[in-house]
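Undergrad: Below you will find the structure I want to go over with you.
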Amino acid sequence: MLSLHRLTSGVLLAAKSPLSLSRRLNAFLTPYVCIPNDAREVGENLTVVPNFVSSEEENTLVDEIEKTLGRKKYEYDHWDNAIHGYRETEIASWRPCSEVIVQRVKKVSFAQSSKPLTHTHVLDLAEKGIIKPHIDSVKFCGPTIAGLSLLSTRVMRLESEQDATRDWIEVLLEQRSLYILRGPLRYNYTHAILDSTSSFKNNFIPNQRRISLIFREEPDK
Ligand SMILES: O=C(O)CCC(=O)C(=O)O
């Protein structure tokens, strides 16, 4: 049965399944990725959806997240040193107005057969915050990772573990966009959120506070 997903303000896209949706969206990847000749694996393993949420929806989510984070302070030393300048929380039970958005992300990002984790990981990155290159542990999450970027635009850099100098991908994570990483890009490439020295296709991307919602699925058995 056809389902309708509202993707960008005023645009309705018909798709039979999350996978067929991803195939269509990849045609629109070009403005959002920077890839040297050697980079492989992009194809169906990366999806970027600009304006996945509206400004009102962004406000709804940020309001709930700020209430949950309360007065938590930004931390500058993570246990594995992968992240600096951040606050984080996990939200399992959203207010109904946010839950609708969360469900929309899960529907677009995960195959029907997969089991998205109930908790959404929320990361509030300070203006000077960065996430260093890392690969999410296979113990805690399966082949698909989706991220919703709120409040500002940053650049994500993926580097192949085998040849980081030649085989890398930079992805523009615009404010209110959704990205989805799958399979080889999730397992064989590190991902990092770059700092204020980052530029994308020769455009300087100023560092600003950014909130991301990270959606994961149950690990493979
Ligand atoms: O903030 C993001 O989009 C990426 C977060 C991340 O690297 C992680 O949770 O492993």
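The values are calculated or read from the model by the stated rules, or taken from the named source; none is laboratory data. Only a predicted model underlies this, so the values are computations on that prediction, with no experimental measurement involved. Note that we place each Cβ from the backbone using ideal geometry, even for glycine, and neighbour counts take in every protein chain shown.
Undergrad: Residues that are among the small types (Gly, Ala, Ser) and in contact with a Phe, Trp or Tyr (Cβ under 9 Å, 6 or more places away or on another chain): list the strands (runs of 3 or more DSSP E) wholly contained in the stretch 143-211 that include at least 2 such residues.
TA: Numbers: elements: 144-150, 154-160, 168-173, 178-182, 189-193.
Filter on the stretch 143-211 gives 144-150.
Undergrad: Right, another one. Residue 129 passes all but one of (1) in a loop (DSSP other than H, G, I, E, B); (2) within 13 Å of the ligand (Cβ to nearest atom); which number fails?
TA: Answer for residue 129: the failing condition is (1).
Undergrad: Hey, could you check the stretch 134-153 for residues that are more than 9 Å from the ligand (Cβ to nearest atom) and over 20 Å from residue 44 (Cα atoms) and say which is surrounded by the fewest Cβ atoms within 10 Å (Cβ to Cβ)?
TA: Applying the filter and picking the extreme gives 139.
Undergrad: Just to be sure I understand, how many residues within the stretch 193-214 are at pLDDT 95 or above and surrounded by fewer than 20 Cβ atoms within 10 Å (Cβ to Cβ)?
TA: 2
Undergrad: Determine which member of the set 24, 6 is surrounded by fewer than 17 Cβ atoms within 10 Å (Cβ to Cβ), within 18 Å of residue 150 (Cβ to Cβ), among the basic types (Lys, Arg) and modelled with pLDDT under 50. Don't jump to the end; show me each part of the working.
TA: Details: 24 fails: within 18 Å of residue 150 (Cβ to Cβ).
Among 24, 6, only 6 is surrounded by fewer than 17 Cβ atoms within 10 Å (Cβ to Cβ), within 18 Å of residue 150 (Cβ to Cβ), among the basic types (Lys, Arg) and modelled with pLDDT under 50.
Undergrad: Answer yes or no as to whether residue 181 is within 12 Å of the ligand (Cβ to nearest atom) and at positive phi. Working first, answer last.
TA: Numbers: within 12 Å of the ligand (Cβ to nearest atom): yes; at positive phi: no.
Considered against the rule, which asks whether it is within 12 Å of the ligand (Cβ to nearest atom) and at positive phi, residue 181 comes out as no.
Residues are listed down the side, and each one gets a yes or a no for (1) farther than 23 Å from residue 144 by Cβ; (2) without any contact (Cβ under 8 Å) to a residue 60 or more places away in the chain:
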{"residue": "60", "(1), (2)": "yes, yes"}
{"residue": "63", "(1), (2)": "yes, yes"}
{"residue": "87", "(1), (2)": "yes, yes"}
{"residue": "93", "(1), (2)": "no, yes"}
{"residue": "97", "(1), (2)": "yes, yes"}
{"residue": "109", "(1), (2)": "no, no"}
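Undergrad: Can you report the number of residues in the stretch 87-120 which are outside any strand (DSSP E or B) and either over 21 Å from residue 191 (Cβ atoms) or of a type in the set (A, V, I, L, M) (or both)?
TA: Residues of the stretch 87-120 outside any strand (DSSP E or B): 92-115, 117-119.
Right, trim to either over 21 Å from residue 191 (Cβ atoms) or of a type in the set (A, V, I, L, M) (or both) and you get 92-105, 107-108, 111-113, 115, 117-118.
So the count comes out to 22.
Undergrad: For residues in the stretch 73-85 being in a loop (DSSP other than H, G, I, E, B) and over 17 Å from residue 150 (Cβ atoms), which is farthest from the ligand (Cβ to nearest atom)? Walk me through how you get there before you give the answer.
TA: Restricting attention to the stretch 73-85, the residues satisfying the condition of being in a loop (DSSP other than H, G, I, E, B) are 73-74, 76-82.
Add one more test, that the residue is over 17 Å from residue 150 (Cβ atoms), and what stays is 73, 76-82.
Details: 73: 19, 76: 16, 77: 17, 78: 11, 79: 13, 80: 11, 81: 13, 82: 8 Å.
Filtering the stretch 73-85 for residues that are in a loop (DSSP other than H, G, I, E, B) and over 17 Å from residue 150 (Cβ atoms), the one farthest from the ligand (Cβ to nearest atom) comes out as 73.
Undergrad: Let me ask something additional. Taking residue 123 as the residue in question, decide whether it is in contact (Cβ under 8 Å) with a residue 60 or more places away in the chain and either assigned to a loop (DSSP other than H, G, I, E, B) or within 23 Å of residue 74 (Cα to Cα) (or both). Can you show your working first?
TA: Numbers: in contact (Cβ under 8 Å) with a residue 60 or more places away in the chain: yes; either assigned to a loop (DSSP other than H, G, I, E, B) or within 23 Å of residue 74 (Cα to Cα) (or both): yes.
When the stated conditions are applied, residue 123 passes them.
Undergrad: Follow-up question, since we're still on this one. So the check is Cβ under 8 Å with 6+ separation or different chains; which pairs have a first residue in the stretch 148-159 that's on the phi > 0 side of the Ramachandran plot and a second one that's of a type outside the set (Gly, Ala, Ser) and at pLDDT 95 or above?
TA: Taking only residues 6 or more apart or on different chains, the pairs are 151/58; 151/62; 151/175; 151/209; 151/210; 151/211.
Undergrad: Another question about this same structure. Within the bounds of the stretch 167-183, is there any residue that is of a type in the set (Asp, Glu) and over 17 Å from the mean Cα position of the chain (by Cα)? Write out each step before concluding.
TA: First, the residues of the stretch 167-183 that are of a type in the set (Asp, Glu): 167, 170, 174.
Narrowing the set further to residues that are over 17 Å from the mean Cα position of the chain (by Cα) leaves 167.
Scanning the stretch 167-183 turns up at least one residue that is of a type in the set (Asp, Glu) and over 17 Å from the mean Cα position of the chain (by Cα).
Undergrad: Tell me the residue from 136, 167, 163 that is closer than 21 Å to residue 75 by Cβ and of a type in the set (D, E, K, R), please. Spell out how you get there, then give the answer.
TA: Details: 167 fails: closer than 21 Å to residue 75 by Cβ; 163 fails: closer than 21 Å to residue 75 by Cβ.
Unique residue meeting the criteria: 136.
Undergrad: Before we move on, is residue 145 modelled with pLDDT of 95 or more and touching a Leu at 6+ places or on another chain (Cβ under 6 Å)?
TA: Working: modelled with pLDDT of 95 or more: yes; touching a Leu at 6+ places or on another chain (Cβ under 6 Å): yes.
Criteria met by residue 145.
Undergrad: Also, quick follow-up: Which ones in the stretch 95-112 are under 29 Å from residue 44 (Cβ atoms), among the hydrophobic types (A, V, I, L, M, F, W, C) and away from the ligand (no atom under 13 Å from the Cβ)?
TA: 100, 101, 102, 108, 110, 111
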